[in-house]
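Working notes for the structure below.
The values are calculated or read from the model by the stated rules, or taken from the named source; none is laboratory data. Small disclaimer: the values here were computed from a predicted structure and weren't measured. Positions of Cβ are backbone-derived with ideal geometry, glycine not excepted, and every protein chain shown enters the neighbour counts. Protein only, heavy atoms only, side chains kept; ligands, DNA and RNA dropped before computing areas. Shrake-Rupley method; radii C 1.70, N 1.55, O 1.52, S 1.80 Å.
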Amino acid sequence: MSLVAQLFTGTHAEALARATALDAGDEPDDATSSMDVSLTPVDLEVLGEIAAKAVRFGSGDLEVAEVDLEHEYLFKLPEYLCEVLAALDDPEDPDAPADVAEAWAASEEMDAAGQDLQPLVREITGLVARAVESGQDVYLWLEPS
């Protein structure tokens, strides 16, 4: 989990502007909500799979996909994944976030068994829930390697 990335909310145009600034090594001058993370698209997809089971959300598109040919390090979280993560922010079962964090840490993709990922899960679900509530999309930008 050493990859440098940023999870943020915004419109498509805001995402492109933010990615352009980040790609250039500049600090974006926008008002989008963001958080620095050490995650990949696959990590977020696995979190979505685990969270969907925990909140009994059925099935849907979890694939975090590229959104623009000019920005190969910019990805958008699909609507279903955002709905699942937003549901985990205020679940019916208060133990769900802790259970999801534990299962996510133990997953092969995360390789973080024994680590407490609950604060990270809470931060991610909070950011996504605010985005869903305000009608914004959620994006992941990866630092070019």
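Here are the numbers:
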| quantity | calculated |
| --- | --- |
| Cα-projected label distance for S145 with R130, points at 7 Å along beta-carbon direction, nm | 3.1 |
| Peptides ranked, highest mean first, by Cβ atoms within 10 Å: ranges 49-58, 34-43, 104-113 | 49-58, 34-43, 104-113 |
| Inter-probe distance in nm under a simple model that places probes 7 Å from Cα toward Cβ, at E66 and D29 | 3.0 |
| Amide proton proximity set for S107, modelled H, under 5 Å, gap of 5+ | A112 |
| The chain, accessible surface, carbon-and-sulfur percent (1.4 angstrom probe) | 45 |
| Prolate/oblate/rounded label for the range 60-142 (Cα gyration tensor, a/c 1.5) | oblate |
| Choice from D89, D30, D61 showing the highest fluctuation, given a GNM over the chain with Cα pairs closer than 10 Å | D30 |
| Net charge of Cβ neighbours under 14 Å - reference E133; Lys, Arg +1; Asp, Glu -1 | -4 |
| Acute angle (nearest 10 degrees) that the helix 12-23 long axis makes with the longest principal axis of the chain, alpha-carbon atoms | 70 |
| Accessible area expressed per residue, the chain, with surrounding protein chains retained (probe 1.4 Å, Å²) | 53 |
